[in-house]
Amino acid sequence: MKYKILKTTLFLAFVIQVGTAFAQPIDGYWQQHVDYNMEVQIDVETYRYEGTQKLVYTNNSPDALSRVYFHLYFNAFQPGSEMDMRLQSITDPDSRMINADRTSRIASLSDTEIGFLHCESLTQDGQKVSFQEEGTVLVVALAKAIGPGEKSIFDMDFKGQVPLQIRRSGRNSAEGVALSMSQWYPKLAEYDREGWHANPYIAREFHGVWGDFDVKLTIDKNFTVGGSGYLQNPQEIGHGYEAPGTKVKKAKGKTLTWHFKAPKVHDFMWAADPDYVHDTLQVVNGPMLHFLYKSDEKIVDNWKKLQPKTAELMQFFNSNIGAYPYDQYSVIQGGDGGMEYAMSTLITGNRKFGSLVGVTAHEMAHSWFQHILATNEAKHEWMDEGFTTFISSLAMNQVMKQGKPNPFEDTYNGYYNLVASGQEQPQTTHSDRYTTNFAYGKAAYDKGSVFLSQLGYIIGQNELMETLRQYYRDFKFKHPVPNDIKRTAEKVSGMELDWYLTDWTQTTNTIDYGIKNVTTSDGKTKVTLERIGSMPMPIDVLVVYKDGTQETFYAPLQMMRGEKENPYPQLERTVLPDWPWAFSEYVFEIDTPKENVEGILIDPSQLMADVNAQNNFYTSQTP
């Protein structure tokens, strides 16, 4: 078509004031609470550690609990583990986890390279309890049931060995970072309205209990540490944490004890290396940013340039989602790519500048979509990965001045590739049960992102962004589920959207609408549209006339019981009668002969994920 295709304006600069107070309780909602107090000693020569954990567990559920579960994630990094077996059986294993000959890196670990995490002793309120280690899960039979509203104190001695860095956590990463300590401690499994979530660590995602962490790490004094939490003893530590002009007490002996407190989080990560550079940057009306990266001349310039961009990203997310509720955020070189944690992230640092900003944008966005809005990633991975991809795409477009008319084009193409592959599974699939890593990635990241951008097509861009802000206000520091984002959008837009959540996330139904026929009748143009795919949608149609004028026609979907505002206020819009889904064809008329029509286009915004764009347009040259 030889006319300009309209693009829906994407609203990128909503700036509002959002308080950090917790949202009001939701009727009938409850969640568990746990406080951790841990003291850990790390041997940087053997990569072994031992520690004590005092855990205060509050049972806010209406149920009496006769047992609890702990995650022992490091046990996955052993030959013959479930993670190893899955790695060996999946058709497209993660390239970071296999050798050059495509064999499992886990399978080839020696006794000194494996990871492990073992409970040495455990008591409940001073009484010994029986426990059994089952791979990456510790099953604990309680000495006494924990009744509704009751607290119980668990005291544990544990020991671990940091695995050779293979996936996310570990030692001696490919970029030379000594310790990337994520999923490193005995972590209490979550219990909610669906019951226990004591998933074995097989592939990817996590779910945790909200609580407060008090952690003391004793490690070689030459190592700089960063991660979750606020450092409580900077005057004893130094390493760039002390206030300007403060005299640091010289450590006696070979070790330092780093004391961190992390309030209202559901995970705790730390990383350490003797060659970390530590920089800080205060965000205006925001948190203090910490940057820890290797003293490597190949990356230093990019890490310096990253810092003001990170501040811009923080301000973007604050404005478009809600205020970041902590006083600190740390960007730390480590891990094997990029992974979000409470108040911090681990990212690989030897990247081109654009990639370094991009991975930081994505992982920082996870501070909202996972570490404040804490969905169960194992079951609803598209809610954290997809929503993060959506908002970080907008952020990158603004902060990096990319100028993309549709910042989501790549995610739509990713979704289309998934459909074409024949490997698509519903987004309700448990994250470990996807047949391929390809199908998981496209469903979680791309299709998850399209869920939001396409929601904007349905309810309007203003309503979409207000939905995200209201979702944050209502569900921060909670465990929202898919129905929560749907209900929020319904309340903001006034539309009924159960059909959208159902078809998009619980099925593999696709969207395919087409222009079936264009004819002239009684001096008017009769347009016949057809629904070919099973998934319903409202339809925007752009008509361009030979004199250069344009107008739009809008056929609301009957079952959504509402209409969006005109997304193209510069053009006249005709709101047509509702289109009931069961009718596969829909006819409307244009008050001019066909000879005056240059072209007709379904969805000029290209935000409706129609799997066949070839039948979406008509031109005067069409036979």
- Message: Using the Cα centre of the stretch 65-115 as the reference point, and only Cβ charges (+1 on K/R, -1 on D/E), how large is the resulting charge dipole? Debye, rounded to the nearest 20.
- Response: 160 debye
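Starting with the highest mean, order 342-348, 600-606, 135-141 by the number of other Cβ atoms within 10 Å, averaged over the residues of each peptide.
Details: 342-348: 26.0, 600-606: 22.6, 135-141: 19.3.
Ranking the peptides 342-348, 600-606, 135-141 by packing returns 342-348, 600-606, 135-141.
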- Could you name the lysines in cross-link range of K298, using Cα to Cα under 22 Å and dropping any fewer than eight places away on the same chain? K309, K352
- Per residue, what volume in Å³ does the Cα convex hull of the chain take up? 165 Å³
- Item | Coarse-grained scattering of the stretch 64-143 at q = 0.12, 0.14, 0.17, 0.27 Å⁻¹, given as base-10 log I(q)/I(0) from a Debye sum over alpha-carbon atoms | -0.46, -0.57, -0.72, -1.23
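To the nearest 20 debye, what charge dipole does the stretch 280-332 have about its Cα centre, counting +1 at the Cβ of each Lys and Arg and -1 at the Cβ of each Asp and Glu? Working shown, then result.
Numbers: 5 positive and 5 negative charges, 19 e Å.
Approximately 100 debye in magnitude.
I need the peptides 539-549, 226-236, 327-337 ranked by packing, meaning the mean over residues of other C-beta atoms within 10 angstrom, with the highest value on top.
Values: 539-549: 17.4, 226-236: 20.0, 327-337: 22.6.
My ranking of the peptides, most packed first, is 327-337, 226-236, 539-549.
Just to be sure I understand the rule: take each whole DSSP H helix in the chain, project its Cα atoms onto its long axis, keep it if the span is 20 Å or more and its mean Kyte-Doolittle hydropathy is at least 0.0. Which ones pass? Mind dumping the intermediate values first?
On the way: long enough: 300-320 (30 Å, -0.91); 381-399 (26 Å, 0.10); 461-475 (21 Å, -1.40).
Helices meeting the criterion: 381-399.
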- Task: May I ask you to list the lysines whose Cα is less than 22 Å away from that of K247, ignoring any residue fewer than eight positions away on the same chain?
- Result: K216, K221
- Dividing the Cα convex hull volume of the stretch 440-504 by residue count, how many Å³ per residue is that? 86 Å³
- Find the centroid of the Cα atoms in the stretch 216-251 and in the stretch 581-623, then give the distance between the two in whole Å. 65 Å
- Query: How would T519, T429 rank on accessible area, largest to smallest, probe 1.4 Å?
  - Reply: T519, T429
- Query: What is the projected area of the convex hull of the Cα atoms of the stretch 171-279, averaged over all directions, in nm²?
  - Reply: 8.6 nm²
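Length gain on complete extension for the stretch W210 to R573, per 0.36 nm per residue less the alpha carbon to alpha carbon distance? Don't skip to the end; give the middle numbers.
Details: separation 363, 0.36 × 363 = 130.68 nm, distance 4.84 nm.
Length gained between W210 and R573: 125.8 nm.
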- Note on the structure: the chain: antiparallel bridges as % of DSSP beta bridges, rounded to 5, reads 80 percent
- Just how much of S355 is accessible, in Å², when a 1.4 Å probe is used and the result is rounded to the nearest 10? 50 Å²
- Binned at 5 Å from zero, the C-alpha pair distances of the stretch 57-100 give percents of 5, 15, 20, 15, 9, 8, 10, 11, 6, 1, 0
- Message: Among 460-466, 386-392, how do they line up by average Cβ neighbours within 10 Å per residue, starting with the highest?
- Response: 386-392, 460-466
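Can you check what the net charge comes to around Y57, using other residues whose Cβ is under 10 Å from the Cβ of Y57 (Lys, Arg +1; Asp, Glu -1)? It would help to have the intermediate numbers written out before the result.
Details: positive: K151; negative: D35, E150.
Combined, the nearby Lys, Arg, Asp and Glu give -1.
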- Take the alpha carbon atoms of the stretch 406-455, find their radius of gyration, then divide it by 2.2 N^0.38 Å using N residues; give the quotient. 1.07
- Query: What share of the DSSP beta bridges in the stretch 330-376 is antiparallel, in percent to the nearest 5?
  - Reply: 50 percent
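Quick one: order M400, M495 from most to least accessible surface, probe 1.4 Å. Write down the numbers at each step before the final one.
On the way: M400 55, M495 5 Å².
Largest accessible area first, the residues go M400, M495.
The values are calculated or read from the model by the stated rules, or taken from the named source; none is laboratory data. Bear in mind the structure is a predicted one, so any value in this text is a computation, not a measurement. Positions of Cβ are backbone-derived with ideal geometry, glycine not excepted, and every protein chain shown enters the neighbour counts. Side chains included, ligands, DNA and RNA excluded: accessible areas come from the protein's heavy atoms. Shrake-Rupley method; radii C 1.70, N 1.55, O 1.52, S 1.80 Å.
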